[in-house]
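Engineer: Structure in structure tokens, see below.
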Amino acid sequence: MSEPRFVPPHPPREAVAAPVWRGLFGERARNSVYGWSQKAFEIRHIRRQVLRFTVHIPLDPDAVQRVLQTNAANYAKPDIVKKLIAPMIGKGLLSADGDLWRAQRRIVAASFTPGAVESVASIFASTAEARMAGWPDGSTGDMAAEATATTMTIIADTLFGGDPRLKTPEAMHNIAASLKAGGEVRLSAILGLPPVPWNRTMRAGQRAQKELRRTLANVVRDRLPDGGDDFLGQLISDLHDRFSPAEALQLAVDNAATFYLAGHETTANAVTWTLYTLAAQPDLQEQAAAEARAALADGEPATLADRLPLLRRVLDETLRLYPPVPRFDRQAIGHDELSGTAVEPGDIVSIWPWVLHRHKALWDDPDAFDADRFLPDAKAKQHRFQYVPFGGGPRVCVGMRFSIVEALVILAHWLAAWRFQLPPGHIVRPVGTVTLKPDGGLPLIRTRRD
Ligand code: HEM
């Protein structure tokens with residue numbers, strides 16, 4: 001008899017959609033993956049009026065493909081999102097559109113080729129090793145915090161020349177505070193309120209953002225005029241070649257902030273959720289650990305990630321159930337039609353990996369964990385746009401390969417040396433803001449392997 005599949009607990013689902021106003025208060029406002037109706041995971045398209053916005057949520061992969069790829073020119077980053085994130089990441093790659101986006105994408109692409117990622121894989125490995133050296137055998141530790149500290153060090157060391165100002169506990173605290181406030185700032189923008197921070201979370205978020213932005217501006221200024229030959233240095237000099245000095249400086253700080261923020265929180269969540277799904281399935285964890293030990297013992301560290309096919313499937317399946325970016329948005333420029341529903345200029349189109357990845361029409365037993373969904377034959381039968389943890393089309397995550405290799409290398413080093421267990425009775429609850437995290441972190445018991 002085959003083992004029952006592991007079905008991680010998910011937020012409760014109501015039979016029908018709740019009225020929109022309930023989404024503006026309480027748990028629904030704080031946690032974007034809470035309060036979905038069962039129906040949302042069964043239908044092809046959701047169209048709702050959220051105060052002054054018409055919001056579409058396409059749940060048919062053909063429609064998702066149309067928004068992100070085939071008709072991508074009709075869908076820009078929403079004005080409201082640009083306004084929300086401007087104080088932090090300005091007009092950097094993540095928030096720019098049109099020619100400004102294209103010019104920046106071209107500049108940074110060279111730093112994320114497979115060869116460029118391979119060349120920094122040894123930094124992924126040494127950082128993971130250094131971090132685990134601090135864990136007492138048999139101790140319980142918050143693996144969400146461990147993963148964040150590790151990926152933060154990696155991004156500072158690989159892209160920013162190891163600048164110590166980007167690796168401090170204060171920087172980590174400021175990032176967490178900015179992201180936590182993100183949901184509430186969004187709510188105030190939806191309500192059409194001026195960007196006045198009305199509670200402690202928002203005030204703390206605004207302070208944290210200012211401090212981060214100031215630190216990054218100093219990091220960039222200290223590199224002028226030449227830059228240097230790492231990612232930041234190259235970015236500074238390439239921007240200088242294409243833009244006026246003032247614009248180039250502004251965009252350098254915008255992109256430093258973009259890559260610093262987008263480049264580590266997300267990967268930290270991928271590592272955290274994978275540790276969770278493996279801690280909950282001890283047999284699978286043993287298999288992944290054995291694979292990791294063999295892969296570490298045998299061959300080039302730079303290509304370690306290629307020798308971890310089981311761990312890669314576990315990571316892919318974890319990103320299906322726990323997409324680190326649970327939603328991302330566009331705004332229609334002109335008229336369009338998605339799954340037979342008219343889209344008007346100005347309408348918001350939200351892509352929801354959290355819902356698409358658990359949709360009943362797209363996945364068999366969608367809430368259950370099954371890494372075999374990502375065996376080559378099974379994967380070949382999936383629609384490219386039913387699984388979008390990294391987005392898709394021309395704006396697909398530029399750091400996708402970087403983060404997959406990084407997550408696999410960190411996990412391989414940790415799993416080869418340690419066994420991870422959930423504390424008895426501990427229930428993990430996902431909370432979605434800008435990213436998707438386990439509420440209160442992820443305490444795991446760590447036992448050293450022989
Ligand atoms: C597991 C880790 C990651 C996940 C799940 C993730 C997810 C995403 C998603 C969904 C998008 C598309 C957003 C949209 O279309 O609106 C995106 C874009 C982006 N990501 Fe990632 N990301 C990850 C890691 C990284 C890393 C490591 C970096 C940089 C080092 C990075 C930098 C970016 C940037 C700059 C963009 C904007 C690209 C553009 O618009 O051209 N991400 N990411």
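Engineer: Given the alpha-carbon gyration tensor of the chain, what are the semi-axes of its equivalent ellipsoid in whole angstrom, ordered largest first, with each equal to the square root of 5 times an eigenvalue?
Structural biologist: 31, 29, 22
Engineer: For the stretch 235-283, which whole percent of the accessible surface, found with a 1.4 angstrom probe, sits on carbon and sulfur atoms?
Structural biologist: 55
Engineer: Could you give the length gained by full extension between PHE6 and ALA109, i.e. 0.36 nm per residue of separation minus their alpha carbon distance, to one decimal place?
Structural biologist: 33.2 nm
Engineer: Determine the relative contact order of the stretch 299-450: mean sequence separation of Cα pairs under 8 Å and six or more apart, normalised by residue count, in whole percent.
Structural biologist: Rounded, it is 24 percent for the stretch 299-450.
Engineer: What is the stretch 76-155's relative contact order, in percent, from Cα pairs under 8 angstrom and six or more apart in sequence?
Structural biologist: That works out to 19 percent.
Engineer: Sticking with this structure for a sec: log10 I(q)/I(0), Debye, Cα-only the stretch 408-450, no solvent, q = 0.30, 0.35 Å⁻¹?
Structural biologist: So the normalised log intensities work out to -0.98, -1.08.
Engineer: How much of the pair distance distribution for the stretch 295-392 lies past 22 Å, counting alpha-carbon pairs only, in percent?
Structural biologist: The proportion of pairs with Cα distances above 22 Å equals 44 percent.
Engineer: Which whole-percent values make up P(r) of the stretch 239-310 when all C-alpha to C-alpha distances are grouped in 5 Å steps starting at zero?
Structural biologist: Result returned by the calculation: 3, 14, 12, 13, 14, 10, 8, 8, 8, 6, 3, 0.
Engineer: Starting from the coordinates of the alpha-carbon atoms of the stretch 244-356, obtain the Kirkwood hydrodynamic radius over all distinct pairs and give the value in Å to one decimal.
Structural biologist: So the Kirkwood estimate lands at 17.8 Å.
Engineer: Please state the relative contact order of the stretch 207-258 as a whole percent: Cα pairs under 8 Å, 6+ residues apart?
Structural biologist: Once normalised by length, the contact order is 36 percent.
Engineer: Right, something else. Provide, as a two-decimal number, the C-alpha radius of gyration of the stretch 28-108 over 2.2 N^0.38 Å, N being how many residues it has.
Structural biologist: After normalising by residue count via 2.2 N^0.38 Å, the value is 1.33.
Engineer: Bin by bin, in steps of 10 Å, what percent of the Cα pairs in the stretch 206-285 do you find, going until the bin that has the longest distance?
Structural biologist: Pair shares across the bins are 17, 36, 21, 14, 10, 2.
Engineer: Normalized C-alpha radius of gyration of the stretch 90-130, against 2.2 N^0.38 Å?
Structural biologist: The reported ratio for this selection is 1.59.
Engineer: Expressed in whole Å with the largest first, what are the equivalent ellipsoid semi-axes of the stretch 367-450 derived from the C-alpha gyration tensor as the square root of 5 times each eigenvalue?
Structural biologist: 28, 18, 16
Engineer: Another one. Quick one: which of LYS167/LYS437; LYS39/LYS381; LYS82/LYS180 span more than 23 angstrom between C-alpha atoms?
Structural biologist: Flagged as over cut-off: LYS39/LYS381.
The values are calculated or read from the model by the stated rules, or taken from the named source; none is laboratory data. The structure presented is a predicted model; accordingly, all values stated were derived computationally and were not measured. Ligands, DNA and RNA are stripped out before the accessible areas are found, and what is left, the full protein with its side chains, is counted by its heavy atoms. Shrake-Rupley method; radii C 1.70, N 1.55, O 1.52, S 1.80 Å.
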